[in-house]
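All remarks here apply to the structure that follows.
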Amino acid sequence: MKLNDVEIKWLGHAGFLIRNSSVIYIDPYKIGDGSEKADLILITHSHYDHCSVADMEKIIKEGTRIVMTADCQSKITRFDVPIRMEIIEPGQDLEFGDVKISALPAYNLDKPFHSQDEHWVGYLIKIGEVLIYHAGDTDVIPEMQKLTGHKQEGKEFVALLPIGGRFTMDVEEAVEAAKMIKPTLAIPMHYGDIVGTEDDAKEFCEMCGEEGVKARMLDALKGTRKE
């Protein structure tokens with residue numbers, strides 16, 4: 001999918017590839033061996049399906065910058081290739097050329113899997129006139145209300161929302177998040193591998209449409225490794 005000059009590809013699960021003048025990955029997991037090398041990798045938290053060393057090894061090159069929460073650092077220091085690491089926590093902003101990154105909170109309200117005390121994150125990525133919100137592993141949280149101001153005339157605002165349930169929002173909760181955030185486009189993620197099904201994603205898109213929120217599923221990028 002392409003918005004203006006920004007390309008967004010789903011890698012399966014919670015992984016995405018974003019390409020403009022830079023190649024940006026978010027939470028790569030089970031990606032193909034021949035995947036494009038990364039300029040920037042964004043990691044939301046340390047769970048194995050989000051901070052996958054084996055997958056990052058496939059895409060790092062000398063000088064790749066990896067932005068991560070503090071608990072990921074011990075894993076990522078193992079790389080032999082010289083990379084640049086940036087530790088981030090909710091409320092911090094970083095700039096990489098024409099790419100602006102803001103870290104937002106991501107946590108569970110009534111589940112034990114993603115505690116607010118861990119300071120894990122989602123990301124708001126601004127590239128030109130395109131805004132992309134990757135929610136990370138989260139429930140519907142009050143901080144999402146602050147995102148409603150990002151839907152501005154003339155700008156594309158894409159929300160990548162987990163729908164699988166159990167560890168994150170389920171379909172109905174993700175629809176509530178979409179209604180709160182008011183993106184120009186909502187895209188379901190975190191399904192089809194560990195939790196959640198394609199039918200869940202279809203239901204999410206249908207329910208969003210009923211609430212006046214445009215939503216669509218993306219096909220997983222070919223070459224994604226399946227197990």
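Derivation of every value follows stated rules applied to the coordinates shown; laboratory data play no part. Source: prediction; values computed, not measured. Backbone-built Cβ (ideal geometry, glycine too); neighbour counts: all protein chains shown.
Among the trypsin sites (Lys or Arg not before Pro) in the range 69-176, those located in a DSSP loop and surrounded by at most 12 other Cβ atoms within 10 Å of their own Cβ are Arg78, Arg166.
Can you list the lysines whose alpha carbon is less than 18 Å from that of Lys37, not counting same-chain residues fewer than 8 positions off? Candidates past the 8-residue exclusion: Lys9, Lys58, Lys61, Lys222. With a/c under 1.5 counting as rounded, go ahead and sort the chain into rounded, prolate or oblate using the C-alpha gyration tensor (a ≥ b ≥ c being the square roots of the eigenvalues; past the cut-off, prolate if a/b is larger than b/c, else oblate). Rounded, because the longest to shortest axis ratio a/c is under 1.5. Entry note, the chain: the mean residue ellipticity at 222 nm calculated from DSSP H runs of n ≥ 4, each adding -39500 (n - 2.57), is -4500 deg cm²/dmol after division by the residues and rounding to the nearest 500.
Pairs of alpha-carbon atoms within less than 8 angstrom and 6+ residues apart define the contacts here; what relative contact order does the range 2-210 have, in percent?
About 14 percent, as a whole number.
Under the criterion of Cα pairs below 8 Å and six or more residues apart, the relative contact order for the range 88-169 equals 26 percent.
Of the cross-linked pairs Lys75/Lys100; Lys126/Lys202; Lys2/Lys182; Lys2/Lys146; Lys30/Lys111; Lys2/Lys111, those separated by over 31 Å at the C-alpha level are Lys2/Lys111. Note on the range 69-132: the C-alpha convex hull projects to 5.6 nm² when averaged across all orientations.
What you get for the chain, charging only the Cβ of Lys and Arg (+1) and of Asp and Glu (-1), is a dipole of about 660 debye around the Cα centre.
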